[in-house]
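The structure under discussion appears below in the form of structure tokens.
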Amino acid sequence: MKIIQHAFQKFLLVVEKIIGLLDGKYTYLEFEEELKKILNELGKEICADVLHELDQSIYKDKSKRKNWVVVQKDCERTITTAFGDITYKRRY
């Protein structure tokens, strides 16, 4: 699943920033800002992945979509979340 892969990649970036802070490459304030960026990106990626998985789940499980017909595929939508704007594709 992409979610685990994204989380692991971001975890490695956080470790890199921690090491940079401890080595004196960053001030604590710079570290905090970098950490916030990394975690917001992770939040956006996870939300986008979850939206994609929900779309797939609804499409595959006919009991969840009784009397529904797919009219369009890959309709791009953007939503605003606490992590920032997320653009994803879904079916109608």
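The values are calculated or read from the model by the stated rules, or taken from the named source; none is laboratory data. As the structure is a computational prediction, the values presented were derived from the model and not from experiment. Neighbour counts are summed over all protein chains in view; Cβ atoms, including those assigned to glycine, are modelled from backbone coordinates with ideal geometry.
Residues to consider are 89, 10, 66, 17; find the one that is surrounded by fewer than 12 Cβ atoms within 10 Å (Cβ to Cβ) and either modelled with pLDDT under 90 or of a type in the set (D, E, K, R) (or both). Give the derivation first.
On the way: 89 fails: surrounded by fewer than 12 Cβ atoms within 10 Å (Cβ to Cβ); 10 fails: surrounded by fewer than 12 Cβ atoms within 10 Å (Cβ to Cβ); 17 fails: surrounded by fewer than 12 Cβ atoms within 10 Å (Cβ to Cβ).
Answer to the check: 66.
So for segment 25-32 (the condition being surrounded by 11 or more Cβ atoms within 10 Å (Cβ to Cβ), basic (Lys, Arg) and assigned to a helix (DSSP H, G or I)), does at least one residue qualify?
no
Can you find, within segment 33-46, the residue that is surrounded by the fewest Cβ atoms within 10 Å (Cβ to Cβ) among those that are closer than 17 Å to residue 16 by Cα and charged (D, E, K, R)?
Here the residue is 36.
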